[in-house]
Each structure stands twice: as structure tokens, then as C-alpha cells.
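Chemist: Okay, here's the structure, questions in a sec.
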Number of protein chains: 2
Amino acid sequence: MSFSPLLQQLITALRCLPGVGPKSAQRMAFHLLERDQQGALTLAGALEQAIDKIGRCGSCRTLSEVETCEICASTSRDKGMLCVLESPVDLFAVEQTGGFGGYYFVLGGHLSPIDGIGPEDLGIDQLLERLRAGEVRELILATNPTVEGEATAHYIAEQVRDLDIKVSRIAHGVPVGGELEYVDGGTLAHALAGRRSLI
Amino acid sequence: MSFSPLLQQLITALRCLPGVGPKSAQRMAFHLLERDQQGALTLAGALEQAIDKIGRCGSCRTLSEVETCEICASTSRDKGMLCVLESPVDLFAVEQTGGFGGYYFVLGGHLSPIDGIGPEDLGIDQLLERLRAGEVRELILATNPTVEGEATAHYIAEQVRDLDIKVSRIAHGVPVGGELEYVDGGTLAHALAGRRSLI
Ligand SMILES: [Zn+2]
Ligand SMILES: [Zn+2]
């Protein structure tokens, strides 16, 4: 016996969610159909709206449903500080610490020659253009403390070498091999405060 | 700092899924937006189609997108055996054991006066009507081995007392307080084979 086609289709579709295996997808499908049909429709609508409307901020490349995100649109932050991150969720994690008052730039990943991800995919040209405009005094490289994150940070540092900009890397405090998203606020604040100069 | 309205709406909507807390909803939302937009749209479509098209089988009340489900439509099963279950996922679990060749009736829950769930909400009238038609020789009550499941089984047994039908309850083997959905196939097959007569 197998599930009916539409039920099987729903179970399969739920597996696109990270951390959801066959058994939990099955449990989710039955739960929605039997106990929360309204929740299922609300979720369907939220998914469609999010995919349709959420794009990237033209300035920092974080996820945003408006052309310029709330942070980039703010005029009360320090234009001299720019923090480079791998992903929007890292931006949220750093912002949550309350320990950084500058602006951000989100790469949307890290350099990965094996996956064909080069500087152009990470908006590094856009980043360099912004740095050449001259307002940024310090560039904080807060890519993940993984092999790829370190390599990406060093690549960017190399590109910036000729500009009169201090380049720093977030300090120890972030566990090696970890991902910023899972680091607690205190550790992250400490890592930012203790950043060291790269060039 | 908070997430943009549409992102927050998506994170909130994902929490309707069982077992998904705020942190995993956040991770799921970012994953879909950053890495699997196609998966998100497929999921939205699958949810809408499922809610729109999947109803209940007119005969056994299990989830079905056709008027009469595959099992009820089958003519090769034993019309003398009817197994009563709390939910469609339990039907799937019993069917998976391969140890039962009769038909099913799905209550869609258990009696729960505190939640206002009475016999009429569980289709017990429809069940009795079917039993009065005379084809069923044995009624197997396979509600969950919880307090509510036992009470529901005993309520149904009482209603059937005057009919010439053997009424049995699935046997030990199902852990007390557990839910059928999580019982392995072997245990479930054993529990069915060892069912005892109630009246
Ligand atoms: Zn921005
Ligand atoms: Zn049916």
C-alpha cells in the first residue's frame, strides 16, 4: 500500500525543508491535513509571497523585500565601518549582539572553486567599488571560521591591499570550524571586539 | 533589529509544522530563500493541492482524494473483518505490517469530553450503520493504547453489544501509553494476531 498521489507529493515536497526526513515529512503532512488545514494554506501563501517579493538589498545584498534594506537606509550608523558576512542569517546574528554600529555587505556564500563559485558570484566587484568610494575606513571580514570562509576573507584582503583601508578579521572566540549562525551573542560580540588587523 | 515583514511572516507560518520551533523555522526560511526557491514553490503548490483535493473516503473516513479510497474500492479483501483506528497514519502503519486483510474505519480521533469531541465527531453512527448491515463478523478495535483510546474502544464495544459481532481489542505488544504510528511493524503485527475478545 502506498499513499495517494497528492499525499505522497506533499510528503516529498516537505522534504525540501532542512532537517526533515521521510518520517517527519509524513508526520507533518498528516498533521496539516488532519489538524491544521488553515496553517497549511497560510504556509503556502507565505512561501509564495516570500519567493515572489523577497530579493536582495541593492546595497548590502542581504535578503530584503525593498530595494534598500532597513539597515542600509539608516543614516545613524557609522559609514566608516563595513562588515562582510557570508549570509543574511549571519547579519542577523551580528546585529542581535548589538555590538556593531556600522554597515554590512553580504556575500551570499564563500569562494568554492569546486562548486564553480567565484568572486563574481559573491558580489566582490560591488564590494570593491564601494570600498573605492572612500567612505569606509575599516573592513571587518566576518566570514565563517571554516577553511572556505578563511580563504574568502584572505582573498578579499588581498584585493583591498592597495586601498587605504584597515582590514580586520573577527577574533578568536568564534569556534574553529563552526558557523556564525549557531554562535551565542556573547561569543560573537567578543569576537567582534577582539578583531585583529589582517593588513 | 527584526526580520522584514514577509520574512517574519514566513518564519511564523513555518511554525505550524509539528516539531518546528523558532530557531528551526528561521533556518528553514533562510534555507528556502537562499538555496531552494524552487523547492519552496513546489511545497506551496503541494500544500494548496493537498488541502483543496484531499478529503475523506466516504466509506472508511481515511484521507483520500477520491470518493472511495483504494482499500475500500478493493474487492479482494475480507468483508467480515473491520479494523477501527484513530487516524489515517495508523491505517498506514497497520497496512504496512501486511498482517491484516480486512477493511478499515478511521475515527479521526478519540472521545474527549473535555475537548467537546463526542461520538458524532468520530463517525460512530456511520460505523454502527455499517455494522448493522450485517457483513462484518469481527470488529477489531485498534485505537491507541492510551486512556482516551481505551475509553473510545470500550464505548464502541458497548454500542455493538446487541449485534451478533465479535468485538476484539488489539493485544499486548503495543506499549501502554504509546501511539500506533511509532510502533514497529513486527510489534504491530503481533498485537493484531494476539487480539483478545472484548464481548
Ligand atoms: Zn542593505
Ligand atoms: Zn476508504
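The values are calculated or read from the model by the stated rules, or taken from the named source; none is laboratory data. All figures in this text were calculated on a predicted structure; none of them were measured in a lab. Note: ideal-geometry Cβ built from the backbone for every residue, glycine included; neighbour counts use all protein chains shown. In case anyone asks, the SASA skips ligands and DNA or RNA and just uses the protein heavy atoms, side chains included. Shrake-Rupley method; radii C 1.70, N 1.55, O 1.52, S 1.80 Å.
Chemist: What do you reckon, how do A:Glu158, A:Glu65 stack up by accessible area (1.4 Å probe), largest on top?
Modeler: Details: A:Glu158 100, A:Glu65 55 Å².
Ranked list, largest accessible area first: A:Glu158, A:Glu65.
Chemist: Continuing with the same structure: For a label point 7 angstrom out from the Cα of A:Glu138 toward its Cβ, which stretches of segment A:61-94 have the backbone nitrogen within less than 14 Å?
Modeler: Within reach of a label on A:Glu138: A:78-84.
Chemist: Okay, moving on. When a/c reaches 1.5 or more, the comparison of a/b and b/c decides; with that in mind, is segment B:75-169 rounded, prolate or oblate per its Cα gyration tensor? Can you show the working numbers first?
Modeler: Values: a/c = 1.83, a/b = 1.22, b/c = 1.50.
Oblate, since a/c reaches 1.5 and b/c is not below a/b.
Chemist: What number comes out for accessible area per residue over chain A if the probe is 1.4 Å? Units Å², please.
Modeler: Working: 9050 Å² over 199 residues.
Each residue of chain A exposes 45 Å² on average to a 1.4 Å probe.
Chemist: Who wins for biggest fluctuation among A:Glu86, A:Glu148, A:Glu48 in a Gaussian network model of chain A, springs between alpha carbons below 10 Å?
Modeler: A:Glu48
Chemist: Do any residues of segment B:64-107 lose at least 40 Å² of accessible area when the full set of protein chains is present rather than just their chain alone, and if so which, with a 1.4 Å probe?
Modeler: B:Glu65, B:Val89, B:Phe92
Chemist: Please list, or write none, the lysines whose alpha carbon is within less than 27 Å of the alpha carbon of B:Lys23, excluding same-chain residues fewer than 8 places away.
Modeler: Here the lysines satisfying the reach criterion relative to B:Lys23 are A:Lys23, A:Lys53.
Chemist: Magnitude of the Cβ-charge dipole of chain A, K/R +1 and D/E -1, about the Cα centre, nearest 20 debye?
Modeler: Details: 17 positive and 26 negative charges, 68 e Å.
Computed charge dipole of chain A: roughly 320 debye.
Chemist: Moving on to the next point. Using a 1.4 Å probe, how large is the accessible area of B:Phe100, given in Å² and rounded to the nearest 10?
Modeler: The accessible area of B:Phe100 comes to roughly 20 Å².
Chemist: Given a 1.4 Å probe and every protein chain left where it sits, what share in percent of the accessible area of segment A:5-53 is carbon and sulfur?
Modeler: Values: 1060 of 2090 Å².
C and S atoms contribute 51 percent here.
Chemist: Output the Kirkwood hydrodynamic radius of segment A:4-54, Cα pairs only, in Å rounded to one decimal. Present the calculation step by step, with values, prior to reporting the outcome.
Modeler: On the way: mean 1/r = 0.0867 Å⁻¹.
Evaluated on segment A:4-54, it is 11.5 Å.
Chemist: For chain B, set up a GNM with springs between Cα atoms under 10 Å and report which of B:Leu141, B:Leu32, B:Leu107 has the largest fluctuation.
Modeler: Greatest mean-square fluctuation among the candidates belongs to B:Leu32.
Chemist: Another question, if that's okay. Please list the non-local residues whose amide H lies under 5 Å from the amide H of A:Ser64, H modeled 1.01 Å from N, same-chain partners needing a gap of 5 or more.
Modeler: Amide H to amide H, under 5 Å and 5 or more residues apart or across chains, A:Ser64 pairs with A:Gly55, A:Arg56, A:Cys57.
Chemist: Write down the radius of gyration of the protein assembly as shown and its Dmax, each obtained from C-alpha positions, in Å.
Modeler: That works out to 28.6, 94 Å for Rg and Dmax.
Chemist: Rank B:Leu128, B:Leu33, B:Leu17 by mean-square fluctuation in a GNM of chain B with C-alpha springs under 10 angstrom and give only the top-ranked residue.
Modeler: Among B:Leu128, B:Leu33, B:Leu17, the largest mean-square fluctuation in the Gaussian network model of chain B belongs to B:Leu17.
Chemist: What are the label-to-label distances in nm, one decimal and shortest first, from B:Leu128 to the same spot in the other copies, with labels 7 Å along Cα to Cβ?
Modeler: Counterpart label points of B:Leu128 in the remaining copies fall at 8.1 nm.
Chemist: Kindly provide the helix-only [θ] at 222 nm of the protein assembly as shown, computed as the sum of -39,500 (n - 2.57) over DSSP H runs of four or more divided by all residues, to the nearest 500 deg cm²/dmol? All intermediate terms of the calculation are to be shown ahead of the outcome.
Modeler: On the way: 16 runs with 174 residues, N = 398.
My calculation for the protein assembly as shown gives -13000 deg cm²/dmol from helical runs alone.
Chemist: Also: Could you name the lysines in cross-link range of A:Lys166, using Cα to Cα under 24 Å and dropping any fewer than eight places away on the same chain?
Modeler: Reachable lysines: A:Lys79.
Chemist: Could I ask something else about it? Axis carrying B onto A: which residue of B has the nearest Cβ, and how far, whole Å?
Modeler: Axis relating chain B to chain A; nearest Cβ residue and distance: B:Ala44, 2.
Chemist: Chains B and A: how much accessible area gets covered up at their contact, both sides added, probe 1.4 Å, in Å² to the nearest hundred?
Modeler: Values: alone 11730 and 11720 Å², together 18110 Å².
Chain pair B/A: roughly 5300 Å² of buried accessible area.
Chemist: Nothing charged except the Cβ atoms of Lys and Arg (+1) and of Asp and Glu (-1): what's the magnitude of the dipole of the protein assembly as shown about its Cα centre? Round to the nearest 20 debye.
Modeler: Details: 34 positive and 52 negative charges, 104 e Å.
With Lys and Arg at +1 and Asp and Glu at -1, about 500 debye.
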